[in-house]
Amino acid sequence: MRRYSAFAIAREAARYHTGWERAWASPEPKKKYDVIIVGAGGHGLATAFYLGKNFGITNVAIIEKGWLGGGNTGRNTTIIRSNYLQDSSAAIYEKARSLYETMSQDLNYNVMFSPRGVMMLAQTEHEVRGYQRTAHANALQGVKTEFIGPERVKELCPIICIDGPRYPVLGALWQERGGTGRHDAVAWGYARACSDMGMDIIQKCEVVGVRSSGGKVVGVDTTKGPIDCDKLGLVVAGNSGALANMAGFRLPMESVALQALVSEPIKPCMDVVVMANTVHGYMSQSDKGEMVIGGGTDGFNNYTQRGSFHHIEETVRALVETFPIISRLKMLRQWGGIVDVTGDRSPVIGKTPLGNCFINAGWGTGGFKAIPGGGWATAELIAKGEPGPLAAEFGMERFIEGRFIDESVAAGVAH
Amino acid sequence: MLTLQCPYCGVWAEETELHAEGEAHLKRFGPGSDDADFESYLFMRENPKGVHFERWRHSHGCGKFFHAARCTMTLKVFGTYPAQTLEPPQDIKDRISETYPGWTWRNFK
């Protein structure tokens, strides 16, 4: 792999850009791999990358039914933060956030991580108390956040209306080192690094069956034929239930559509991410100037990647109240992605009833920010067969043991 | 926008008038049941790609709970029926069979 650098740009400029190579190879599948990862989204590619980097396992195939990073990795609002209430959540999201900080250097790929700060507005007395509690919890967890007053909110983001009639801004939970990243670049960067380690990324190859014998997975059937493996990782947001069905077990998850929309580009007007959970909306400005807006999930099971129209109205109505200057803004695009939601709104990283089959799923509405941490933890799980410290609390058995990681109150809305 | 007919008051209601209430025909397990049954009742959900049976409430109308058979891939509604039933009525099952021959959902087919 030729490294990307300022020198490479100069070299290619001098020869009409004829020397750029493809970022990753697209090979045909081999008969057998040590590990097959189903799903070439952020978490799947990160899992493969850390399998190679941390454990030296490189005979790996990453199988994707569509195109690389074309699911929720390419559909989210790119927010990165780790201000969670529960210790195990804070640990994995903070691991992810810290890996994002050096990701561009680690992957030699610009993922445009922008630690511009994330602000979660408190617009009711209950939210004030809740976020103060989270700030204290974060202090104990070693995650740097603080609870700030309305004047500081206005200073950090002047376009917010802090004395709105319905929900005045009473303060905010502020994480200075949170921010945004370029979601596609995260997938592309990991894919390039995986391909460079000799892993096979096989796109447009749908898994149609999971073959097992004696309680162990022996391989998968795909639209490109059967492929054998020693270990299987299922890392497929939105389709976890369908794959678990093929493998013959059930998941404590339901799939719903989550929507986002983006406005026409305007001049820079906000340089932080603002989340307003009471009124249901969050917004940041992309480098192109578009306002990136996240909305709500549908209340019913749904695989349509579309979402209900009234959520757009609710989200926009809430945001216009919080940011009056956007009232005349035109929206350019709207889209939906399918998210798997668990009972406690926390993900599942753990073993399955099939001994050599592992799962990373159920990130609900907040998987993007966790990509490096989720991949790191899942790679450890697959390599060792047992979860490491990051994944230990996230096994599916927590539902039978009543040991929840309850983020449904802390982050049930905007995640 | 998803519209469902309330089987009680007959109103064709848009989804903003309704509230989705999750999976239908759950068998409830209480204190004294074994852990697996309790977990299954509380957390393990049917999450099919295709026909799904679910509870809805006509919350901004007559207030009644009812059941609906709906496809999660296309949002096609096969019918709604009163909640006081253990199984969907035959005509709804037949309508599903026209679209999805050989469908199954838990122990219904």
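Computed from backbone phi with θ = phi - 60° and the Karplus coefficients 6.51, -1.76 and 1.60, the 3J(HN,Hα) list for region A:315-326 is 5, 5, 4, 5, 6, 5, 5, 7, 10, x, 5, 8 Hz; x is used for glycine and proline.
The label point for B:Thr104 and the one for A:Arg152, both projected 7 Å from the Cα toward the Cβ, are 5.8 nm apart. Counting only the backbone N, which residues of region A:251-281 are under 12 Å from the spot 7 Å out from the Cα of A:Lys144 toward its beta-carbon? Those under the cut-off are none; the list is empty.
Note down the nm distance, to one decimal, between modelled labels 7 Å out along Cα→Cβ at A:Arg317 and at A:Gln305. Between A:Arg317 and A:Gln305, the label points sit 3.0 nm apart.
In sequence order, region B:44-61 has phi-based couplings of 6, 10, 5, 9, x, 8, x, 5, 9, 10, 9, 8, 10, 10, 7, 5, 9, x Hz under the Karplus curve 6.51 cos²θ - 1.76 cosθ + 1.60, θ = phi - 60°, and Gly or Pro positions carry x.
Chain A against chain B buries an accessible area of about 2100 Å², both chains summed, 1.4 Å probe radius.
Report the calculated FRET efficiency for B:Glu17 and A:Gln132 (r = Cβ-Cβ distance, R0 = 30 Å), to the nearest 0.05. Don't skip to the answer; put the middle values down first.
Values: r = 38 Å, r/R0 = 1.25.
Efficiency for this residue pair is about 0.20.
Across the protein chains, with a 1.4 Å probe defining accessible surface, the residues A:Arg166, A:Arg211, A:Arg97 rank A:Arg166, A:Arg211, A:Arg97 from largest area downward. Taking the inverse of the mean 1/r over every pair of distinct Cα atoms in the protein assembly as shown gives a Kirkwood hydrodynamic radius of 24.2 Å. Which shape class, rounded, prolate or oblate, goes with region A:113-225 when its Cα gyration tensor gives a ≥ b ≥ c as root eigenvalues, a/c under 1.5 marks rounded, and past that a/b bigger than b/c marks prolate? Note, shape of region A:113-225 comes out prolate. Among the listed pairs A:Lys154/A:Lys330; A:Lys224/A:Lys351; A:Lys32/A:Lys224; B:Lys64/B:Lys109, those with a Cα-Cα distance over 22 Å are A:Lys154/A:Lys330; A:Lys224/A:Lys351; B:Lys64/B:Lys109.
State, as an integer percentage, the relative contact order of chain A based on alpha-carbon contacts under 8 Å between residues 6 or more apart. All intermediate terms of the calculation are to be shown ahead of the outcome.
Details: 962 pairs, mean separation 92.2, N = 415.
22 percent.
Put the Cα centre of region B:57-105 next to the Cα centre of region B:9-56 and the gap is 12 Å. Relative to the longest principal axis of the Cα atoms of chain A, the long axis of helix A:87-101 lies at roughly 80 degrees. Amide H to amide H distances under 5 Å link B:Gly22 with B:Arg55, where only residues 5 or more positions off or on other chains count and H is placed in the peptide plane. Loop-located trypsin sites (Lys or Arg not before Pro) across region A:31-67 with a Cβ neighbour count of 13 or fewer within 10 Å are A:Lys31, with loop assigned by DSSP.
Here region B:3-99 has 51 percent of its accessible surface on carbon and sulfur atoms, given a 1.4 Å probe and all protein chains in place. Solvent exposure of the protein assembly as shown amounts to 43 Å² per residue of accessible area, where only protein heavy atoms count and the probe is 1.4 Å.
Accessible area of A:Asp287 (1.4 Å probe, protein heavy atoms only, ligands and nucleic acids ignored): about 120 Å². Under 5 Å from the amide H of A:Ile201 lie the amide H atoms of A:Ile62, each residue being 5 or more positions distant or on a separate chain, with H modelled from the backbone and absent for Pro and chain starts.
For region A:287-415, the direction-averaged projected area of the alpha-carbon convex hull comes to 10.2 nm². Residue-wise HN-Hα couplings along region A:343-350, as the Karplus relation 6.51 cos²θ - 1.76 cosθ + 1.60 with θ = phi - 60° gives them from phi, are x, 10, 6, 10, x, 10, 10, x Hz; Gly and Pro carry x. Considering only Cα atoms, the convex hull volume of region B:3-99 works out to 114 Å³ per residue. Rolling a 1.4 Å probe over the protein chains gives A:His136 an accessible area of about 130 Å².
Taking the centroid of alpha carbons for each part, region A:1-60 and region A:189-261 are 19 Å apart.
If we count every other residue with Cβ under 12 angstrom of A:Val236's Cβ, Lys/Arg +1 and Asp/Glu -1, where does the sum land?
Values: positive: A:Lys65; negative: A:Glu64, A:Glu206, A:Asp340.
Here the charged neighbours net out to -2.
One decimal place: the segment A:Lys31-A:Asp87 gains 16.0 nm when fully extended, by the rule 0.36 nm per residue minus the C-alpha distance. Mean residue ellipticity at 222 nm, helices only, the protein assembly as shown: -8000 deg cm²/dmol; runs of at least 4 DSSP H residues each add -39,500 (n - 2.57), and the sum is divided by the number of residues. Dimensions of region A:1-149 based on its C-alpha atoms, expressed as ranges along the principal axes with the largest first, amount to 59, 43, 27 Å. Put simply, the amide H of A:Gly209, placed in the peptide plane, has neighbours under 5 Å in A:Asp221, leaving out anything fewer than 5 places away on its chain.
Its relative contact order, with pairs defined as Cα atoms under 8 Å and 6+ residues apart, puts chain B at 23 percent. If you sort the three axes of the alpha carbon gyration tensor as a ≥ b ≥ c, you get a/c of 1.5 or more for region A:1-42 and a/b above b/c, which makes it prolate.
Show me the trypsin sites (Lys or Arg not before Pro) within region A:307-415 that DSSP assigns to loop and that have at most 13 other Cβ atoms within 10 Å of their Cβ.
Details: sites: A:Arg317, A:Arg328, A:Lys330, A:Arg333, A:Arg345, A:Lys351, A:Lys369, A:Lys384, A:Arg398, A:Arg403; in loops: A:Lys330, A:Arg345, A:Arg403.
Sparse-neighbourhood loop trypsin sites (Lys or Arg not before Pro): A:Lys330, A:Arg403.
Looking at chain A alone, DSSP beta bridges between its own residues are antiparallel in about 70 percent of cases.
The values are calculated or read from the model by the stated rules, or taken from the named source; none is laboratory data. Just so you know, these numbers come straight off a predicted model, no measurement behind them. As a convention, Cβ positions derive from the backbone with ideal geometry for all residues, glycine included, and neighbour counts pool all protein chains shown. Each accessible area value is taken on the protein alone, full model and side chains, heavy atoms only, with ligands, DNA and RNA left out. Shrake-Rupley method; radii C 1.70, N 1.55, O 1.52, S 1.80 Å.
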